[in-house]
Amino acid sequence: MPSGFQNNQDQLTPNYYRIVLTLSSNYSDTATNNDSGRVEPYDFTNFNTMNTTANYSRRRARGNIRFNAILNQLQLFTNVQILDMTTRTAADEEESAADHVADTITFTIGYVQEAYVLGGWQKIIGSGTFSDTSTPLTTTIYDQLSSSNAKTAMQNCIKEAITRGITIGGSSGYTTRYKTYDPDGNNHREEQITVTQPRTPANVWGNVSVSRIEELTQRTND
């Protein structure tokens, strides 16, 4: 008698990937520029030491807009888990003030339905290449890929999602209302913030590292 068991993507067995964003070179820190701000997971409200100028707050807002765009791209086709967020400054210290800029960002993501992710990006990219303009995306469906090829495809899809998030606005710009902090005025407020890509998509692609975590170690309080 058939059991009804099916070995498919709806069994919710996640794979996890470690992400490293290297933002230390060729990213503008000029606070008045729309390409400034790098990438920032946290807005100014997460810090006890607030921005010292309104322009520094706008710079952080641009970085936060880019990070939110990354999240949107990562969950275009299915839910994503976000874990273990760490931001480090050029001094290799955790960001502790809103004026700081992130030199490196590391975090973990998890997908339980990878076939949806690959299938979604195959519809967008087709027979073309990723943002580096040289790496092709497989046209084979997820369930027909070897374990190694599925891992490579997923790593590249994740890298593409992050690249597109970081380069939101392109060279022409994306404008939205966003919360900022003005130490000399109304403190917490909302204003129009324009963000452009901090580097070309091909260069940003090179600043993103994605590797699958083969084994997870559960943390304990012992």
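The values are calculated or read from the model by the stated rules, or taken from the named source; none is laboratory data. Just so we're clear, the structure is a prediction, and the values are computed from it rather than from any experiment. Here Cβ is always computed from backbone atoms with ideal geometry, including for glycine, and neighbour counts include all displayed protein chains.
Before moving on, here are some points about what is shown:
- Restricting the stretch 1-38 to residues that are modelled with pLDDT of 95 or more and aliphatic (A, V, I, L, M), the residue that is surrounded by the fewest Cβ atoms within 10 Å (Cβ to Cβ): V20
- Residue list for the stretch 38-75, restricted to those being in a helix (DSSP H, G or I) and touching a His at 6+ places or on another chain (Cβ under 9 Å): F44, T45, R60
- Checking each residue in the stretch 49-59 for being out of contact with any strand residue (DSSP E or B) (no Cβ under 8 Å at 6 or more places or on another chain) and over 14 Å from D184 (Cα atoms) picks out only R59.
- Where a residue in the stretch 101-117 is closer than 13 Å to P41 by Cα and its partner, wherever it lies, is crowded, with 19+ Cβ neighbours inside 10 Å and of a type in the set (S, T, N, Q), with Cβ under 8 Å and at least six apart: A102/T87; T104/T87; I105/T87
- Among the candidates A161, A98, A91, the residue that is under 24 Å from E40 (Cβ atoms), of a type outside the set (S, T, N, Q) and touching a Ser or Thr at 6+ places or on another chain (Cβ under 9 Å) is uniquely A98.
- Within the stretch 92-138, considering residues that are within 16 Å of the chain's Cα centre (by Cα) and among the small types (G, A, S), the one surrounded by the most Cβ atoms within 10 Å (Cβ to Cβ): A102
- Considering residues of the stretch 76-91 that are of a type outside the set (D, E) and not in a loop (DSSP other than H, G, I, E, B) only, the residue surrounded by the fewest Cβ atoms within 10 Å (Cβ to Cβ): L83
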